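Asker: One structure is given below, represented as structure tokens, and several questions about it will come after.
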Amino acid sequence: YQRGGGNVAKAVAEWAGCPRATGSDVKAFCSGPMHALMLAGALVGSGIHDDVVVLAGGSLAKLGMKFQGHLKQGRPIVEDVLAGVAAHVARDDGLSPVLRLDAVGRHEVASGSAPLAVVKALYSEPLGRLGLTLLDVDRFSLELHNPEATEPAGSGNVPLTNYRTLASLAVMEKLIERTGLDDFVRTRGMPGFSPTQGHVASAIPYLGHALRGLTTGRLTRTMFTGKG
């Protein structure tokens, strides 16, 4: 672990043949991808760096976390891949979607840990600073764990639970009627599809799909959230 100046990022840069690159590790558990993207955007936006790559992967230890639940249910082991993800953050090229650093949500110490308090801090408050509401976002990306892996292991359908909490916030803020809760989940959420290896599943697996939709004009705004 200490190879490459004491962090994995430098070791990866060395392995990838990037001797002029520097690097640092971000440890924020399931919030890691979002913290890393924010830091990358801040480094590029401030002019410290022109190009930053955010990358991470799963681990063998995480790969084995769910298999006992699968075997106990008489099912095949679903987690049979090591997940990996990488994103290149660069200066605005006039074509690519823009990372909005003025709409960063913060779960502050004083926010509280109740589910609605958490989603209000991470969604409503940053959108409100821009004069927007939950209905101004086309697609929300959050913890996208594949329920085929989590349900047999006893963890439930994580994305669906979180999307329903977000829809409940929209009801509470009088943006939709309670009868529209399921429609909100269906149109602004998505089924979980990511391997469940800790931080990897937290929002960032949708990034490539969002880039395509935002570039072609099918989407106007997407919002990514990870909570640890």
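Asker: Which condition number does Glu79 fail, the rest of (1) exposed (fewer than 14 other Cβ atoms within 10 Å of the Cβ); (2) in contact with a Lys or Arg (Cβ under 8 Å, 6 or more places away or on another chain); (3) closer than 30 Å to Glu151 by Cα being met?
Answerer: Of (1) exposed (fewer than 14 other Cβ atoms within 10 Å of the Cβ); (2) in contact with a Lys or Arg (Cβ under 8 Å, 6 or more places away or on another chain); (3) closer than 30 Å to Glu151 by Cα, only one is false for Glu79: (1).
Asker: Also: Residues in region 203-228 that are in a helix (DSSP H, G or I) and of a type in the set (A, V, I, L, M): how many?
Answerer: 5
Asker: Given the criterion open to solvent by less than 20 Å² (accessible area, probe 1.4 Å) and of a type outside the set (Val, Ile, Thr), identify the matching residue among Gly217, Gly189, Gly156.
Answerer: Answer to the check: Gly189.
Asker: Could you pull out the residue among Ala153, Ala167 that is of a type in the set (A, V, I, L, M, F, W, C) and either under 19 Å from Gly105 (Cβ atoms) or out of contact with any helix residue (DSSP H, G or I) (no Cβ under 7 Å at 6 or more places or on another chain) (or both)?
Answerer: When all the criteria are applied, what remains is Ala167.
Asker: Is it true that Val85 is closer than 19 Å to Ser202 by Cα, in contact with a Pro (Cβ under 8 Å, 6 or more places away or on another chain) and surrounded by 13 or more Cβ atoms within 10 Å (Cβ to Cβ)?
Answerer: On the way: closer than 19 Å to Ser202 by Cα: yes; in contact with a Pro (Cβ under 8 Å, 6 or more places away or on another chain): yes; surrounded by 13 or more Cβ atoms within 10 Å (Cβ to Cβ): yes.
So Val85 fits the description; yes.
Asker: Anything in region 103-147 that is over 29 Å from Met65 (Cβ atoms), of a type in the set (Lys, Arg) and surrounded by 19 or more Cβ atoms within 10 Å (Cβ to Cβ)? List them, or say none.
Answerer: Lys120
Asker: For a quick check of your reading: which helices (runs of 4 or more DSSP H) sit entirely within region 1-120 and have at least 2 residues that are of a type in the set (A, V, I, L, M) and touching a strand residue (DSSP E or B) at 6+ places or on another chain (Cβ under 9 Å)? Explain how you work it out, then say what you get.
Answerer: Details: elements: 8-15, 32-45, 60-63, 67-72, 115-119.
Ranges flagged: 8-15, 32-45.
Asker: Give region 137-175 a look and list any residue that's assigned to a helix (DSSP H, G or I), among the β-branched types (Val, Ile, Thr) and farther than 16 Å from Val200 by Cβ, or say none. It would help to see each step written out before you state the result.
Answerer: First pass over region 137-175, keeping only residues assigned to a helix (DSSP H, G or I): 147-150, 158-172.
So of that shortlist, the ones also among the β-branched types (Val, Ile, Thr) come out as 150, 158, 161, 165, 171.
Answer for region 137-175, where residues must be assigned to a helix (DSSP H, G or I), among the β-branched types (Val, Ile, Thr) and farther than 16 Å from Val200 by Cβ: Thr161, Thr165, Val171.
The values are calculated or read from the model by the stated rules, or taken from the named source; none is laboratory data. Since the structure is predicted, the reported quantities are computational estimates derived from the model, not experimental observations. Because the Cβ atoms are built from the backbone with ideal geometry, glycine has one as well, and the counts that use them run over all protein chains shown. Areas reflect the complete protein model, heavy atoms only, side chains present, ligands, DNA and RNA absent. Shrake-Rupley method; radii C 1.70, N 1.55, O 1.52, S 1.80 Å.
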